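Since the structure comes first, as structure tokens, the remarks are kept for the end.
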Amino acid sequence: MSLKPEILDSISRTIENEIGMTYKEFEKLNFDEQQRIIEQHRQQKRKQSNNKKVRVMIGSGENAIFIKKNRGERYMLDDGTFVRAGDTPEESRARLEDRLDDIAYSKPVAFVKKLQRKIKK
């Protein structure tokens, strides 16, 4: 499949601006190396964008809007669920496990389980 020249130019400019190499150089690398470079770039971007404000999407489809919320602030989605702005799935899962442990176990047991999870990280 061949790409249109304007699309190829756009991709090449984006890769060169973001990663620092041309598309032809990037294309010559094997798939695993490309994925490693992309993942490193994403991690660097995440570290740089550790701001207090996060863009969140409210709504879906053509009715979706993007607004800025403070990191950790709760907001409601269109289906009625509440989520925290900037929360990763791992953070959300850990918070849920902590709450379930508090409900299911006595305080000392729940505390030990939380410590065990933190030590495993």
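Can you tell me the relative contact order of the chain? Whole percent, Cα pairs under 8 Å, sequence separation 6 or more.
Details: 81 pairs, mean separation 13.3, N = 121.
Over the chain, the number comes to 11 percent.
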### Task
Calculate one ³J(HN,Hα) per residue across the stretch 18-35 by plugging θ = phi - 60° into the Karplus curve 6.51 cos²θ - 1.76 cosθ + 1.60, and present them in order as whole Hz with x for glycine and proline.
7, 9, x, 9, 6, 5, 5, 5, 5, 5, 6, 5, 6, 4, 4, 5, 4, 5
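Subtracting the Cα-Cα distance from 0.36 nm times the residue separation, let me have the gained length for TYR75 to LYS52 in nm, one decimal. Write down the numbers at each step before the final one.
Working: separation 23, 0.36 × 23 = 8.28 nm, distance 1.53 nm.
Result for the pair: 6.7 nm of gain on full extension.
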### Charge dipole magnitude, Cβ of K and R +1, D and E -1 - the stretch 1-87, Cα centre, debye nearest 20
620
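Give me the extension gain from TYR105 to LYS118: residue separation times 0.36 nm, minus the current Cα-Cα distance, reported in nm with one decimal. Could you put the intermediate results ahead of the total?
Working: separation 13, 0.36 × 13 = 4.68 nm, distance 1.76 nm.
Value of the extension gain: 2.9 nm.
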### Task
Using +1 at the Cβ of each Lys and Arg and -1 at the Cβ of each Asp and Glu in the chain, identify which of SER12, VAL112, ILE38 lies farthest towards the dipole's positive end.
VAL112
### Summary
Percent relative contact order for the stretch 47-111, counting Cα pairs under 8 Å at least six residues apart, stands at 21
#### Entry: Separation in nanometres of the label points that stand 7 Å from Cα toward Cβ, at ALA64 and SER10
1.8
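If I compute solvent accessible area with a 1.4 Å probe over the protein chains, what percent of it on the stretch 61-121 is carbon and sulfur? All intermediate terms of the calculation are to be shown ahead of the outcome.
Numbers: 2870 of 5160 Å².
Within the stretch 61-121, the accessible surface is 56 percent carbon and sulfur.
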### Task
For the chain, just the Cα atoms, rotate onto the principal axes and tell me the three extents in Å, largest first.
64, 38, 29
### Inter-probe distance in nm under a simple model that places probes 7 Å from Cα toward Cβ, at THR22 and SER92
4.3
#### Entry: Calculated from backbone phi, Karplus (6.51, -1.76, 1.60) coupling profile of the stretch 100-107 in Hz, x at Gly/Pro
5, 5, 4, 6, 7, 10, 5, 4
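The values are calculated or read from the model by the stated rules, or taken from the named source; none is laboratory data. Predicted, not measured: the structure shown is a model, and the values here were computed from it. No Cβ is skipped: glycine too gets one built from the backbone with ideal geometry, and neighbour counts run over all protein chains shown. Please note that ligands, DNA and RNA were not included when accessible areas were found on the heavy atoms of the full protein model with its side chains. Shrake-Rupley method; radii C 1.70, N 1.55, O 1.52, S 1.80 Å.
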